[in-house]
1. Considering only residues that are under 28 Å from residue 159 (Cα atoms) and without any contact (Cβ under 8 Å) to a residue 24 or more places away in the chain, which ones fall in segment 55-110?
2. If the requirement is being free of Cβ contacts under 8 Å to residues at least 60 places away in the same chain and either assigned to a strand (DSSP E or B) or over 27 Å from residue 98 (Cβ atoms) (or both), which of these qualifies: 165, 148, 152, 136?
3. Working carefully through the options 217, 253, find the one that is in a loop (DSSP other than H, G, I, E, B) and not hydrophobic (A, V, I, L, M, F, W, C).
4. Just give me the residues in segment 220-250 being part of a strand (DSSP E or B), among the hydrophobic types (A, V, I, L, M, F, W, C) and crowded, with 16+ Cβ neighbours inside 10 Å, in sequence order.
5. If we keep just the residues of segment 76-109 that are in a strand (DSSP E or B) and open to solvent by 40 Å² or more (accessible area, probe 1.4 Å), which is nearest to residue 184 (Cα to Cα)?
6. Here's a check for you: in segment 54-75, which residue that is hydrophobic (A, V, I, L, M, F, W, C) and in contact with a strand residue (DSSP E or B) (Cβ under 8 Å, 6 or more places away or on another chain) is surrounded by the most Cβ atoms within 10 Å (Cβ to Cβ)?
7. List pairs: first in segment 234-256 and in contact (Cβ under 8 Å) with a residue 60 or more places away in the chain, second crowded, with 21+ Cβ neighbours inside 10 Å and charged (D, E, K, R), Cβ under 9 Å, 6+ apart or cross-chain?
Amino acid sequence: MRALQGLRGRRAPSLPLLLLGLLAAVRRSLEDGLSTAAPFTSLPVQEEMTTKYSNLSLESHSISMTEHSNMPVEKNITLERPSNVELTCQFTTSGDLNSVNVTWKKGDKLLEDNYVVNATGSILYTQYRVAVINSKQMGNYSCFFGEKKQQKGTFNLKVPEINGKNKPLITYVGDSVVLMCKCQDCLPLNWTWYSGNGSVQVAIGVPVNDKYVISGKHANETGLKITQLSEDDQGTYWCHAIFELGESEGHVKLIVLSYLVPLKAFCAIAAEVVLLVAIILLFEMYTQKKKKPSDDGKELEQGEQLKLDDSNGIENSGPRHRKNESVGQ
């Protein structure tokens, strides 16, 4: 934990005038420090580190926060090779800068050295410098401002990501397939493939009966060719990229289908069509059977009506015939 540092005069009991002069000088220097920008002070540890790893490239990254920030601020930093890294946090507040405590952590570990604190106006700056030479220096570095309500900024140092295939790759038994992984804008030192067997990853080494062939046209990509596929070959395959600062991995999911699978789907669709046609035919037959009794009833009624009309006609013609005979006589 560190606040703004100021100068303190040394007491000289025998020289009271000199003491007063020093105190006045200290007061002026503090006022100037809060009103004008001051360069970061180099620490002995930083100077030693800079000299020792002066051949490494320097990368500078910064984040900004205010006293009203509600969410932590994060920034991802991708490192492929060893580098000197400067991490700067900027904090703006309307309060007293001298009362703001500043701390740094790597993960949950408190960092005591290699950072400085300076201020200009209403802005407080802190900078941490680290020489990243292997995977031990990778991880999360966080700066904290304040005590009760802390404002947090985090730098995530990580190696490049590997792009596999998000969607499953589907193929059939007996075919060959090539699984691809690629690293965008980076050159891994080496590639390694693993096959997933449950929660265990099994390394794929030299070709076994020409079953596996590892190849890649460019250094930033790798391919795994699998021939004579069987249903046992399906699963998840992992590609590991090795860098100077750590490892990164991607994955490809492979699904191997039998040729009977599409045939089963076709048979299922055909069965559904046949069933639908059968239902339609049965409905038509039922409808026709339902119409026939009503038609037969109508024909029967018409026949009976005709018979009734005929009988009435005969009865009516009998009296008329007798009447005509009597008239003739």
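1. Of everything in segment 55-110, those that are under 28 Å from residue 159 (Cα atoms) and without any contact (Cβ under 8 Å) to a residue 24 or more places away in the chain turn out to be 55, 71, 108, 109, 110.
2. Residue meeting the stated conditions: 136.
3. 217
4. Across segment 220-250, the qualifying residues are 224, 226, 238, 239, 241, 243.
5. Checking each candidate, the answer is 78.
6. If we take residues in segment 54-75 being hydrophobic (A, V, I, L, M, F, W, C) and in contact with a strand residue (DSSP E or B) (Cβ under 8 Å, 6 or more places away or on another chain), then 65 is surrounded by the most Cβ atoms within 10 Å (Cβ to Cβ).
7. As it stands, the answer is none, since no pair meets every condition given.
The values are calculated or read from the model by the stated rules, or taken from the named source; none is laboratory data. Only a predicted model underlies this, so the values are computations on that prediction, with no experimental measurement involved. Backbone-built Cβ (ideal geometry, glycine too); neighbour counts: all protein chains shown. Side chains included, ligands, DNA and RNA excluded: accessible areas come from the protein's heavy atoms. Shrake-Rupley method; radii C 1.70, N 1.55, O 1.52, S 1.80 Å.
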